[in-house]
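Working notes, beginning with the structure itself.
Nothing in this text is a laboratory measurement; each read-out follows from the coordinates by a stated rule. All of these numbers come straight from a predicted model, not from anything done at the bench. Methodologically, a virtual Cβ is constructed for each residue, glycine included, from the backbone with ideal geometry; neighbour enumeration extends over all protein chains shown.
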Amino acid sequence: MTRTVLLTGGAGYIGSHTFVALVEAGYSVVIVDDFSNSKPSVLTRLGRLTGLNKVEAYEGSVLDDAFMERVFNAHEFDAVVHFAAKKAVGESVSYPVDYVETNVGGLTTLLRLMDAHDVRRLVFSSSATVYGDPDIIPIPESAPRSYTSPYAFTKLMSEQILEQAAAADPAWAFGILRYFNPVGAHPSGTIGEDPSDIPNNLMPYIAKVAAGELSHLNVFGDDYDTPDGTGVRDYVHVCDLAMGHVKSLDALMASNLGHTVNLGTGIGSSVFDMLQAYSRACGKTLPHVVTDRRDGDVPVLCAEVDRARELLGFEAKRTLDEMCASSWHWIQTGAKE
Ligand code: UFG
């Protein structure tokens, strides 16, 4: 029997890759997106990639009760995968109330509708940011949670709301996925990350340097207590991450038991590691300048990955070179279309 899944934020970066993975796994997927940080043309690309004649999609906001009610009335959903949210740490410091409204309000609106329509399974996009500046590396899921930005606060609060809901009513089954640093693009070059402004994140910034749109990378500090002095992160290929959502959903369908897992590789890479890997991918040495540390950055974030492997059978396999090569392929092909 084909299962039908509501995918909020399905035209976005991680959402679009997850759409492909879900369709390939046999799910029927309905997208809701307000295109506030994505383009409607992604839907055509998703149709091309999956071979579907029509990608089922609705334009609107998860904050809009009446709109969401119409979507829920039009389909019999078995589960929801919820991406639609704001995700820029710096922006959240300037607009904290907007972040709470969209990220927390979007989740509670969704939960109310799910409850009313008896849809009890949800895969939720959380983030390694809920670990704050962790004491233990690699970070186990049992590590204490905290927050260092309004964005992180909304992810932590969302996790807690889900925990309270599940404790109050065991019919709920939530897959809480804590992403580390998603990068790269679909190997076809058809979909990828496409920030319209100057990127905040490392990989899209390096990609623009490689494409000649920015002169050099600013390395935010080389005096951290790390092997080469630059920040270390657990970069995970977006296609591996997308597969993590399929595994999470499969587990919720099979057992109706919730889980909270890290999605990463367990391997830490520095800013210089990433710069070198991208230089290999694009075939030229990319210029950089070392600048001051960025406010709020922590030295090292790296996942302990055992729980995702044991509970979901999830393993992120793609290498840093594959992450950079797929990003560069996307920048040279799909992103220019
Ligand atoms: N960095 C630079 N120069 C840049 C951009 C980043 O040196 O122009 C460095 C940062 O200092 C950091 C590393 O590259 O050491 C990674 O920075 P990113 O901005 O790419 O990613 P973050 O780890 O800061 O944050 C990301 C997401 C958050 C999420 C977090 C969880 O942006 O949404 O991962 O780990 F919460």
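What FRET efficiency comes out for Glu101 versus Gln276 if R0 is 56 angstrom and r is the Cβ-Cβ distance? Round to the nearest 0.05. Each step should come with its number before you reach the end.
Values: r = 41 Å, r/R0 = 0.73.
Computed FRET efficiency for Glu101 and Gln276: 0.85.
With the contact rule set at Cα under 8 Å and sequence spacing of 6 or more, what percent relative contact order holds for region 96-183? It would help to have the intermediate numbers written out before the result.
Working: 87 pairs, mean separation 35.8, N = 88.
Computed over region 96-183, the figure is 41 percent.
Provide the gained length on full extension for the span Asp295 to Glu213, in nm with one decimal, where the gain is 0.36 nm per separating residue minus the Cα-Cα distance.
Details: separation 82, 0.36 × 82 = 29.52 nm, distance 2.51 nm.
Result for the pair: 27.0 nm of gain on full extension.
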Proximal charge balance of Thr291 [Cβ under 13 Å; K/R count +1, D/E count -1]: -3
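How much length, in nm to one decimal, is gained on full extension between Leu63 and His75, taken as 0.36 nm per residue of separation minus their Cα-Cα distance?
Numbers: separation 12, 0.36 × 12 = 4.32 nm, distance 1.86 nm.
The span from Leu63 to His75 would gain 2.5 nm if fully extended.
Hey, what did the chain get for relative contact order, percent, Cα under 8 Å, at least 6 apart?
For the chain, the relative contact order is 19 percent.
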Three semi-axes of the equivalent ellipsoid, region 132-286, Cα gyration tensor, whole Å, largest first: 33, 19, 14
Partner lysines for Lys39 [C-alpha distance under 17 Å; skip if fewer than 8 residues away on the same chain]: Lys54, Lys86, Lys87, Lys336
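With r defined as the distance between the Cβ atoms of Glu91 and Thr2 and R0 fixed at 41 Å, what FRET efficiency is calculated, to the nearest 0.05?
Values: r = 38 Å, r/R0 = 0.93.
For Glu91 and Thr2, the calculated efficiency is 0.60.
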Relative contact order %, region 214-297, counting alpha carbon pairs below 8 Å whose residues are six or more apart: 48 percent
Cα-based equivalent ellipsoid, region 149-227: semi-axes from gyration tensor eigenvalues, Å: 35, 19, 12
Which of Val104, Val123, Val20 has the fewest Cβ neighbours within 10 Å, and the rest in rising order: Val104, Val20, Val123
For Ser92, net neighbour charge (Lys/Arg +1, Asp/Glu -1) across residues whose Cβ lies under 9 Å away: 0
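Would you mind getting me the FRET efficiency between Leu257 and Lys39? Use the beta-carbon distance for r and R0 = 45 Å, nearest 0.05.
Numbers: r = 37 Å, r/R0 = 0.83.
Once the sixth-power term is evaluated, E becomes 0.75.
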Sorted by Cβ neighbour density within 10 Å, fewest at the top, the residues Val209, Val97: Val97, Val209
Extension reserve of the Gln164-Thr50 stretch, reckoned as 0.36 nm per residue once the Cα distance is removed: 37.3 nm
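To the nearest whole percent, what portion of all C-alpha pairs in the chain is separated by more than 36 angstrom? Present the calculation step by step, with values, prior to reporting the outcome.
Numbers: 8334 of 56616 pairs.
That fraction is 15 percent.
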Sorted by Cβ neighbour density within 10 Å, fewest at the top, the residues Lys39, Lys208, Lys317, Lys87: Lys317, Lys39, Lys208, Lys87
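Plugging the Kirkwood radius over Cα pairs into Stokes-Einstein for region 46-102, at a temperature of 25 °C and a viscosity of 0.890 mPa s, what D comes out in µm²/s?
Details: Rh = 14.1 Å.
Rounded, D is 174 µm²/s.
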